[in-house]
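Please read the structure below before turning to the comments.
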Amino acid sequence: MTGVALEGVRASYGDREVLRGIDLEVLEGELLVVLGPSGSGKTTMLRVIAGLEPVTAGRVRVAGRDVTRARPGRRNVSMVFQSYALFPHLTVLANICFGLEVRNVRGEAGRLRATEAARAAGCADLLDRRPGELSGGERQRVALARALVRQPDAFLLDEPLSNLDAELRVQTRTELKALHARVGATTIHVTHDQTEALVLGDRVAVLRDGLVEQIGTPDEIWSEPATLAVARFVGSPAMNVLTGDGPLRPRSLSGSPDDPVRRGIRADALVLGPVGAPGAVEQVELVGADAYVHVRVGPDRVVVRVPASGRPRPGDQVRVSAADGDWHLFDAGSGVRLRR
Amino acid sequence: MRDDRRDTVQIAAMAAPFVVGLVVLVLLPAGFTVALAFTSYDLVSSPAWAGLGNFADLVDDDIFRTALLNSAVFAAIATPLRLLLALGLALLLHRRATAVGFARTTVMLPTAVPEIAYGLLWLWMFNPIYGPVNRLLTTGGEAGLTVLGRTPPQWLTDPDSARAAIIILSLFTIGEAFFVLLTARQALPRELYELAAVEDATGWDVFRRVTLPMLTPVLLLLLLRDTILSLQLNSCPHWSSPTAGPRRTRPPTCPCSSTATASSTCATATPRPRPW
């Protein structure tokens, strides 16, 4: 059954069209991560589902109901804002109970449900505190508990981890995944962090310029990017994209300056060794146990990931090679994936 | 340690103009005035010790008592009304909308009118014979009576009507409170209201549970400020009701302009007159 569906949804801010015809289906109980760069329309999409922005065309369905024209409170969705939107004058308990109280669920019944939600989100020991007394991670848990308490048809999470430091983000990411596994609610999680998307999502939708560029499992997004834009956006460092008749290419592909094909290869699929295309090391970046080696190969510049212990030095002459199966080929004009 | 000392010097240097102004222009005159209140002083000869005599005179003075009551009634009625009106208008006009800038300016304008002009304007407005207020009230009525057949208020001659008139004229000079509340409302995070909308909170819920509690610190500050200003009310009643119900609308802070206290010392009744 469909949890949330968008059918040809368009939305604009003034003259600027932000969503240009979004078609998306989130299955009931699924965790879909919407990934995209800043300005791609991912937050607008979430706000359209919540009813905080109007659509100029298309339909929005939540749990099978057409809610396109329904006001936010009648869509039965919960939203966790990037800023968490906790009421500073209320205690954690009162914050969690807010949605219940405005629906006339008060007293002991509301308190019990709030405590249960707080326990599920891991903030049961914070109920008497105010948001000003909480850390970023604790606020995030409270916002999650508030979303959980009402048992909505869908959870909408707008970059909920972006305000956390790196360590806490990793920890909270894991907890979020576990929480979704326990609760099993339809969830749409918006982020610009590709690692977060690939780790969390049952499926990932990549948005670009107001359109869904690709939707698939994290594995599909990683190993079979549908377009050049997805290939470049997902992966760190970004996929190397080679053009023209450079020497670094799959054996099956003949070289021609007018070749209408873009050749993509990830940094960890390239190998520095005794065979391959000759190149010169221009720059070496040390990133923990790895090193990113920038190599000039003919007309192209590629990034190769190697173990930090075996990294070359700038100016060294090296040879770069890759297995044929690791190449991704894209149409030079449309950017659409050709074959692997 | 050295940085701390430098910070202290810097803070002291920045605070100095304010502190000097406060001491020279406020604290010293206030102290001097309090001291003079215990003396008999006619501005020409030297002050002579009078003990609590001036205060005893004040307590016995029925004009002072009336004026004190007027001020208390005015503060009790006008202050909450002014604050409610400012809050209501701020909440009404905080969003972007057609002509909202014009509406905000309209709310602000009366506050910018000089007090004498404002007082004289209302003197004309409340004139029982040709003033527009009573003309409006008698529209549709016969023989100078209202539609309900009642005599319209004699704003500037009847003491109770005059008190009401002063409260009414004060309700239009809420520009400062309006501006402060408008700014405070606009500073409240939009996400809180969006969350309330997603949670299906009604307008009343949002006002009661979100807006009002979050504006409370500002409202308390304005309440304190407006109460103080109400108790210092002076020129508008003086100019708009110069003969209103023989001294009945006079607040205790305007005796210097009156013959009522001409024979007594200014210092006894006016600790620090300030315009309203």
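Across peptide B:204-215, the mean count of Cβ atoms from other chains lying within 10 Å of each residue's own Cβ comes to 2. In this structure, A:Glu224 and A:Gln171 have a Cβ-Cβ separation that, at R0 = 45 Å, corresponds to a calculated FRET efficiency of about 0.90.
Other protein chain C-beta atoms within 10 Å of residue C-beta, averaged over A:67-74: 2. Running a GNM on chain A with Cα contacts under 10 Å, which residue among A:Val102, A:Val204, A:Val302 ends up with the highest mean-square fluctuation? Fluctuation is largest for A:Val102.
Among the GluC sites (Glu not before Pro) found in region A:17-83, those both in a DSSP coil and sparsely packed, with 15 or fewer other Cβ atoms within 10 Å of their Cβ, are A:Glu28. About its Cα centre, the dipole of region B:1-128 is roughly 900 debye, where the only charges are +1 on Lys and Arg Cβ and -1 on Asp and Glu Cβ. Placing unit charges on the Cβ atoms of the charged side chains and taking the dipole of the protein assembly as shown about its Cα centre, the candidate lying farthest along the positive direction among A:Val9, B:Thr111, A:Val293 is B:Thr111. Among A:Arg47, A:Arg16, A:Arg232, the largest mean-square fluctuation in a Gaussian network model of chain A (Cα springs under 10 Å) belongs to A:Arg16.
Computed about its Cα centre, the charge dipole of region A:17-140 is approximately 420 debye, with only Lys, Arg, Asp and Glu carrying charge at their Cβ. Hydrodynamic radius of region B:13-124 by the Kirkwood approach over all distinct alpha-carbon pairs: 19.3 Å.
Label positions at B:Ala164 and A:Thr195, each projected 7 Å from the Cα along the C-beta direction, are separated by 7.3 nm. Placing R0 at 60 angstrom, the Cβ-Cβ distance between A:Ser38 and B:Ala56 gives a FRET efficiency of 0.20 after rounding to 0.05. Annotation: extensible slack from B:Ala76 through B:Thr111 equals 10.5 nm (criterion: 0.36 nm per residue apart, minus Cα-Cα distance). Residues within the reach of a label modelled at A:Thr217 (point 7 angstrom out along Cα to beta-carbon, backbone nitrogen below 19 Å), restricted to region A:165-198, are A:177-178, A:181, A:187, A:195-198. Most simply put, the protein assembly as shown has about 75% antiparallel DSSP beta bridges, counting only bridges with both residues inside it. Other protein chain C-beta atoms within 10 Å of residue C-beta, averaged over B:185-195: 5.
Can you give the charge dipole size of region A:2-233 about its Cα centre, rounded to the nearest 20 debye, using +1 on the beta carbon of Lys and Arg and -1 on the beta carbon of Asp and Glu? Walk me through the intermediate numbers first.
Numbers: 30 positive and 30 negative charges, 184 e Å.
For this selection, approximately 880 debye.
Extents of region A:114-170, largest first, come to 29, 27, 17 Å (Cα atoms, principal axes, whole angstrom).
Cβ under 14 Å from A:Gly41's Cβ, A:Gly41 left aside: what net charge do those residues give with Lys, Arg +1 and Asp, Glu -1? Before the final figure, lay out the partial values.
Values: positive: A:Arg10, A:Arg16, A:Arg20, A:Lys42, A:Arg47, A:Arg208; negative: A:Glu17, A:Asp23, A:Glu53, A:Asp158, A:Glu159, A:Asp209, A:Glu213.
In short, -1.
Listing B:Leu181, B:Leu212 from fewest to most neighbouring C-beta atoms within 10 Å gives B:Leu212, B:Leu181.
Residue order for A:Ser334, B:Ser230, A:Ser38, fewest other beta carbons within 10 angstrom first, comes to A:Ser38, A:Ser334, B:Ser230. The label point for B:Arg5 and the one for A:Met1, both projected 7 Å from the Cα toward the Cβ, are 7.6 nm apart. In this structure, the amide hydrogen of A:Gly3, modeled 1.01 Å from its nitrogen in the peptide plane, lies closer than 5 angstrom to those of A:Val26, A:Leu27, A:Glu28, counting only residues at least 5 positions away or on a different chain.
Close amide H pairs (under 5 Å, H built 1.01 Å from N) link A:Glu213 with A:Val206, A:Leu207, A:Arg208, residues at least 5 positions away or on another chain. Entry note, region A:240-339: relative contact order of 32 percent, from Cα contacts under 8 Å with a spacing of 6+ residues.
Net charge in the neighbourhood of B:Leu212 (other residues with Cβ under 12 Å of its Cβ; Lys, Arg +1, Asp, Glu -1) is +2.
What the Cα convex hull of region A:190-265 gives, in volume per residue, is 102 Å³. If you wrap region A:59-168 in the convex hull of its Cα atoms and look at it from every side, the mean projected area works out to 7.6 nm². Each eigenvalue of the Cα gyration tensor of the protein assembly as shown, multiplied by 5 and square-rooted, gives one semi-axis; in descending order these are 72, 31, 24 Å. Over region A:271-319, the pair-distance histogram of Cα-Cα distances with 10 Å bins from zero comes to 30, 60, 10 percent, rounded to whole numbers.
Take every Cα pair under 8 Å whose residues are at least 6 apart in sequence, average their separation, divide by the length of region A:182-289, and the relative contact order is 15 percent. Here region B:165-182 is scanned for amide nitrogen atoms under 20 Å from the site 7 Å beyond the Cα of B:Leu92 along Cα-to-Cβ, giving B:167-182. When the Cα convex hull of region A:240-339 is projected onto planes of every orientation, the mean area is 6.3 nm².
Across all directions, the shadow cast by the convex hull of region B:155-230 built on its C-alpha atoms averages 6.5 square nanometres. Only Cα pairs under 8 Å and 6+ residues apart enter the sum, and on that basis the relative contact order of region B:117-174 stands at 22 percent. Look at A:Ile22, A:Ile215, B:Ile116, A:Ile96 and count the other Cβ atoms within 10 Å of each Cβ; fewest to most, that gives B:Ile116, A:Ile215, A:Ile22, A:Ile96.
With bins 10 Å wide beginning at 0, the percent of Cα pairs of region A:2-233 falling in each bin runs 8, 33, 36, 19, 4, 0. With a cut-off of 10 Å between beta carbons, the residues surrounding A:Glu159 carry a summed charge of -2, where Lys and Arg count +1 and Asp and Glu -1. Assuming R0 = 56 Å, what is the FRET efficiency of A:Asp209 and A:Ala109, from their Cβ-Cβ distance, to the nearest 0.05? For A:Asp209 and A:Ala109, the calculated efficiency is 0.75. Between B:Arg190 and B:Val19, full extension at 0.36 nm per residue minus the direct alpha carbon distance yields a gain of 57.7 nm.
Compute and list, largest first, the equivalent-ellipsoid semi-axes of region B:36-185 from the alpha carbon gyration tensor, each √(5λ) rounded to a whole angstrom. Walk me through the numbers on the way to the answer.
Numbers: eigenvalues 274, 137, 40 Å².
So the three semi-axes of region B:36-185 are 37, 26, 14 Å.
Since every read-out is calculated from the coordinates, none of them should be taken as a lab result. The shown structure was predicted, so the numbers you read here are calculated from the model rather than taken from an experiment. All Cβ positions, glycine included, derive from the backbone under ideal geometry; neighbour counts span all protein chains shown.
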